[in-house]
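J.: Take this structure first; my questions come after.
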């Protein structure tokens, strides 16, 4: 009887995880967005706004990829907002503007007003100087494929979307990235409700600040980044504000349109994901954060602890040992299969599947650290101390 119960438990857990993976697959829209046949002069004008602070390492790669877009050059501009950089971000941006002859300009940011966070402030500066029918806010650590602009604009136009946000392909180079980040992504993806966010009838609202394409009228209808000036999680807050006012938002994967390397070392992973988790907690998602903490630690540590307990019980002649062993192996299989599917999506070699529990453990530690930072109401990012306003 205990063995039957154990098998049913493993089946239910696997089924629930499969439902979550199916939900992801339904909104995993590969960018097969067809090219337009319109005359160039009839295409919407797009303003690409890049908030950049200390992005000397990344800015040239991004700007060169934007200069190589198949979208007509006469129909888009690129505005780099130098947000008080302490390195050669501005010089690097101007170098690309001169060498490519693309419509790229670098403008200075403004002093940080009281009650504003730096990224939202820089985005607002860029938006106020933009001329586009669409405003496309892009992080400086991304790289775009040549057909990216054509794809995202046509997708938004065809579906009448006011805010299109998407997840780029995550490039992982170092061993630290490949060991730690897949488990982190698995933990986060396990509780994000992507399908509901795309449903106008649902209150769920998700966006990714790495790439956010706004219809210009909709952006200013909610007063631009002013509406999220004091939000740590400006992307999630923006999605909620847009949806609450009746605008159409849509989230998708876009692996073939854009890529990003978020962090290059274990230290950057810790600092960056601590900030991201702080954003989730700061936007009022404490219940989800607690659930993420619990799920991450349970998935990471239940199988080995239950296996140890099963061996101990078996050694002492307890009948429950076999059932516990089956549950432990079933849980381990669920985690490894889900992790393997995610590794394939992230284009990380399957040999790193053994590290999924370490990433899940790190997710739990990051969540605890985020609660600690939230209690202090301040943390440091890119040389600035950010306080909860």
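J.: What is the stretch 132-208 by shape, rounded, prolate or oblate, if you read a ≥ b ≥ c off the alpha carbon gyration tensor as root eigenvalues and call it rounded for a/c under 1.5, prolate for a/b larger than b/c, and oblate otherwise? Intermediate values should be presented prior to the final figure.
T.: Values: a/c = 2.91, a/b = 1.29, b/c = 2.25.
Verdict is oblate for the stretch 132-208.
J.: Between residue 112 and residue 354, what's the calculated FRET efficiency when r is the beta-carbon distance and R0 is 51 Å? Round to 0.05.
T.: Efficiency, rounded to the nearest 0.05: 0.70.
J.: Taking 0.36 nm per residue of separation and subtracting the Cα-Cα distance, what length does fully extending residue 68 through residue 159 add?
T.: Here the segment from residue 68 to residue 159 would lengthen by 30.2 nm.
J.: If you stretched the chain out fully between residue 128 and residue 314, how much longer would it get, using 0.36 nm times the residue separation minus the C-alpha to C-alpha distance?
T.: 60.0 nm
J.: Sort 221-228, 85-92 by the packing proxy (mean of other Cβ within 10 Å over each peptide's residues), most packed first.
T.: 221-228, 85-92
J.: Applying 1/(1 + (r/R0)^6) with R0 = 30 Å to the Cβ-Cβ distance of residue 193 and residue 344, what FRET efficiency is obtained, to the nearest 0.05?
T.: 0.85
J.: Tell me, what is the percent relative contact order of the stretch 147-278, built from C-alpha pairs under 8 Å that lie six or more residues apart? Let's see the in-between values first.
T.: On the way: 171 pairs, mean separation 55.1, N = 132.
42 percent.
J.: Further, regarding this structure: Would you order 139, 199, 41 from fewest to most other beta-carbon atoms within 10 Å of each residue's own beta-carbon?
T.: Arranged by neighbour count, lowest to highest, 139, 199, 41 become 41, 199, 139.
J.: Given R₀ = 56 Å, FRET efficiency for residue 105-residue 266 by Cβ-Cβ distance, to 0.05?
T.: Once the sixth-power term is evaluated, E becomes 0.95.
J.: If you don't mind, there's one more thing I want to ask. Using Cβ contacts closer than 10 Å as the measure, can you line up 123, 106 from fewest to most?
T.: Fewest to most other Cβ atoms nearby, the residues stand as 106, 123.
Each value in this text was obtained by applying a stated rule to the coordinates, not by laboratory testing. Quantities reported herein were computed from a predicted structural model and do not represent experimental measurements. Positions of Cβ are generated from backbone atoms using ideal geometry, with glycine treated the same way; all protein chains shown enter the neighbour counts.
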